[in-house]
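Structure first, commentary second.
The values are calculated or read from the model by the stated rules, or taken from the named source; none is laboratory data. All values derive from a computational prediction rather than experimental measurement. All Cβ positions, glycine included, derive from the backbone under ideal geometry; neighbour counts span all protein chains shown.
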Amino acid sequence: MRECVIVGRPNSGKTLFALNFAGYLGIKNIDVTFKTYDGVMNCRHFSIEEAKRELCGNVMHRTCSLQSMILNMKVGKTTVNFKLTDTCGVSEQIHNEERVRKGMAQTISLLRSVDFILHVVDLSLINKEFRNKTSIDCELYNYGKVSKAYVVLGNKYDLSSSKNNLVHLIAAFPKTNIVPISALYSQGFKEVKACVARNI
Amino acid sequence: MTCQWPEDVITAVEAGQISPLEAFRKLREMNNTHGNDVQGSVEQRIENILRELDSLIGLNEVKKLVREIYAFIEIQKRREKECLNTEPLVLHMIFKGNPGTGKTTVARIMGQIFREMGVLSRGHLIEVERADLVGEYIGHTAQKMRDQLKKAYGGILFIDEAYSLARGGEKDFGKEAIDCMVKAMEDHKDELILILAGYKREMDSFLQTNPGLHSRFPIHINFPDYSKQELLEIAELLCIKRQYQLNPQAKIKLLNLLNPPVESNDDKFGNARTVRNVIEKAIRRQAVRLISKHFTTREELMVIEPCDFEEVEKCVSV
C-alpha cells in the first residue's frame with residue numbers, strides 16, 4: 001500500500017486537511033493510528049467531526065506523533081487503498097520540549113521512505129521576501145523536488161490576504177506543482193484528489 | 001556535531017543538537033555525496049566486468065566489439081542528456097562460432113554489463129534451445145515461445161543452435177517460433193536483448209531463410225577457433241584454478257593432443273570445452289595413478305604428468 005505523508009510547518013493546517021480530505025473522499029468514520037517516536041502505537045475510532053474537535057486546534061504542535069489513516073479512492077475501475085499520514089509540524093528552530101523535538105525527528109525520518117509527499121504551506125505567511133528567506137518550507141521544497149512524487153498545497157487560500165501570495169509562492173517554488181486549497185472549506189480538493197490518484 | 005549517516009541526523013534533531021533546518025541541509029548533502037558514490041561504483045563495477053572479459057584467453061575481436069558497444073551506449077546516454085538526437089538502442093546480436101569458443105560466456109558477461117549500465121533491468125541470461133521453444137501441436141509453439149520470452153524480459157534470451165529453428169522444412173513449427181520471436185523483438189525491444197548463436201555456416205543459411213532477420217540483428221560477432229597456443233593457455237588457466245600444474249612434458253603431450261581444425265570447419269571439435277574435458281579427465285587419471293601410493297607429497301598431488309593424458313585421446317576426438 002502506498003503511503004502519502006503530509007508535512008509542513010506547525011499550524012499550517014495539516015491535520016485539518018487530512019481529516020477534511022478523508023471526509024471529501026466520502027469517509028464518515030475513521031480509525032486513526034497514532035505512532036509515537038518510541039514506537040508505541042494505539043488506534044482510535046472517530047467520526048470526522050469528533051476527530052476535528054479533538055485533533056485540530058490553534059495551539060502550536062497539537063500533533064506530536066504520526067497519525068495514520070487508511071483511505072480508499074476510486075482510480076479508474078478499481079478502488080485503491082492508501083495510507084495518509086499526518087505528521088508533527090517542523091519548525092526552523094530547536095524546540096525546547098523533548099516530545100516536539102522527537103515528533104519533528106519522526107517526521108524527517110518518515111520523509112525518507114514515503115511514496116508521496118504533500119507539503120502544506122500556509123499562504124498567509126508568504127510574502128515578497130519569502131523567496132530570499134531561509135525557511136523550513138524552502139528546505140522541505142528542496143528536499144521534496146528531487147523525490148519522485150511531491151506536491152505543494154497552498155493552504156488558507158480562502159483568506160483575502162492569501163490570494164495575492166500565491167504568485168510569490170509560485171515564484172519561490174518554480175519546479176513543483178502547487179495546488180491552492182482551503183483545508184477549512186475543502187476547496188481545491190478535486191485537484192489534490194487527482195494528484196493523489198496519480199501517485200498511489 | 002558530525003553526522004555520518006542519516007540516522008545520526010535524526011538522533012541529533014531529537015536530542016536538540018541541531019535544528020530541523022540544519023538537518024535538512026545535512027540530509028541533502030548526504031544524498032548528493034552518496035549519489036556520486038553510487039555513480040563512481042557503477043563505473044568501477046563495469047570496469048571489473050570488462051576486466052573479467054579481458055581475462056578470457058584470445059577473443060580479441062570480441063573484446064574490442066564489447067568495448068565498442070559499451071562506449072556506444074554510454075555516449076548515447078550522454079547525448080540524450082544534452083537533448084541531442086540518439087540512435088535507438090537495438091542490441092540484438094548474432095554469435096557465430098564453433099562450440100566451445102566462448103559464446104555463452106561472453107553473453108553472460110554482456111548481460112552483467114547491460115544491467116550495470118541500466119540498459120537491462122535485471123541482466124540475467126535465459127539459455128534456450130529448439131526443444132524449449134518449439135511445441136508439439138498447432139498453437140503450442142507460440143505459447144512456449146511467449147513463456148520463455150516472459151522469463152527473459154529485463155535480461156537476455158540466448159538461443160543456442162538457433163539455426164535449428166528453420167531446419168524442419170515448410171511444415172515445421174520452428175517457423176512459428178521465428179515469427180513469434182521477430183514480433184517480440186519489435187514489441188519489447190526496450191526490455192529484451194535477443195542473442196542467436198550457432199555455427200557460422202548454419203547461421204548464415206538460417207539468416208537467409210527469413211529476409212527480415214538479418215536487418216533485425218545489427219550486431220554480428222564471429223567467435224574464431226582458438227589457436228593451439230591459446231588452447232594451451234586455457235588449459236594452464238583451468239589447472240591453476242583447480243590448483244594443479246602441468247609439467248613441461250605434459251604441456252608438449254597436450255599440445256600434440258590438441259589439433260584444432262585448420263579451416264575452422266570441423267564442427268565436432270569442442271575448442272575450450274574440449275580442453276576442459278581433457279583436463280578433467282587427466283585430473284581423474286592422476287588420481288588413479290596416485291591412489292596406490294601410501295604417501296604423496298604436496299607436489300605430487302598438484303602435478304599432472306604426460307602419462308595422465310594417455311587415455312584422453314577419446315575426449316579430443318568426440
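Sub-6 Å Cβ pairs linking a first residue in the range B:127-148 that is closer than 26 Å to B:VAL106 by Cβ to a second residue that is of a type in the set (Ser, Thr, Tyr), at least 6 apart or interchain, are B:ARG130/B:SER164; B:VAL134/B:THR141, ordered by first then second residue. Screening A:CYS88, A:CYS64, A:CYS138 for residues that are within 12 Å of chain B (Cβ to nearest Cβ), surrounded by 14 or more Cβ atoms within 10 Å (Cβ to Cβ) and in a loop (DSSP other than H, G, I, E, B) leaves exactly one candidate, A:CYS88. The number of residues in the range A:107-124 that are in contact with a helix residue (DSSP H, G or I) (Cβ under 8 Å, 6 or more places away or on another chain) and either surrounded by 20 or more Cβ atoms within 10 Å (Cβ to Cβ) or not in a loop (DSSP other than H, G, I, E, B) (or both) comes to 11. Sort out which residues of the range A:67-83 are modelled with pLDDT of 80 or more and surrounded by fewer than 13 Cβ atoms within 10 Å (Cβ to Cβ), and write them in order of number. A:ASN81, the sole residue that qualifies.
Yes/no matrix, rows are residues, columns are (1) under 23 Å from B:PHE223 (Cβ atoms); (2) among the β-branched types (Val, Ile, Thr); (3) buried (at least 23 other Cβ atoms within 10 Å of the Cβ):
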site	(1), (2), (3)
B:VAL106	yes, yes, yes
B:MET110	yes, no, yes
B:ALA142	no, no, no
B:MET145	no, no, yes
B:LYS150	no, no, no
B:TYR153	no, no, no
B:PHE173	no, no, no
B:ALA184	no, no, no
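Taken together, the residues in the range A:91-124 that are within 8 Å of another protein chain (Cβ to nearest Cβ) and in contact with a His (Cβ under 9 Å, 6 or more places away or on another chain) amount to 4. Return yes when B:LYS96 is outside any helix (DSSP H, G or I), at pLDDT 85 or above, at negative phi and more than 12 Å from chain A (Cβ to nearest Cβ) and no when it is not. Yes; evaluated as a whole, the condition is true for this residue. Residues in the range B:143-154 that are closer than 16 Å to B:LEU194 by Cβ and either at pLDDT 85 or above or among the basic types (Lys, Arg) (or both): B:LYS144, B:MET145, B:ARG146, B:ASP147, B:GLN148, B:LEU149, B:LYS150, B:LYS151, B:ALA152, B:TYR153. Among the candidates A:GLY26, A:GLY57, A:GLY39, single out the residue that is within 14 Å of another protein chain (Cβ to nearest Cβ), surrounded by fewer than 17 Cβ atoms within 10 Å (Cβ to Cβ) and either free of Cβ contacts under 8 Å to residues at least 12 places away in the same chain or in a helix (DSSP H, G or I) (or both). Being within 14 Å of another protein chain (Cβ to nearest Cβ), surrounded by fewer than 17 Cβ atoms within 10 Å (Cβ to Cβ) and either free of Cβ contacts under 8 Å to residues at least 12 places away in the same chain or in a helix (DSSP H, G or I) (or both) holds for just one of A:GLY26, A:GLY57, A:GLY39, which is A:GLY39. When A:TYR143 is tested against the conditions (1) within 14 Å of the chain's Cα centre (by Cα); (2) at pLDDT below 85; (3) not hydrophobic (A, V, I, L, M, F, W, C), the lone failure is (1).
The set of residues in the range A:146-197 being assigned to a helix (DSSP H, G or I), closer than 21 Å to A:ASN81 by Cβ and touching a residue at least 12 places away in the same chain (Cβ under 8 Å) consists of A:PHE189, A:VAL192, A:LYS193, A:CYS195, A:VAL196, A:ALA197.
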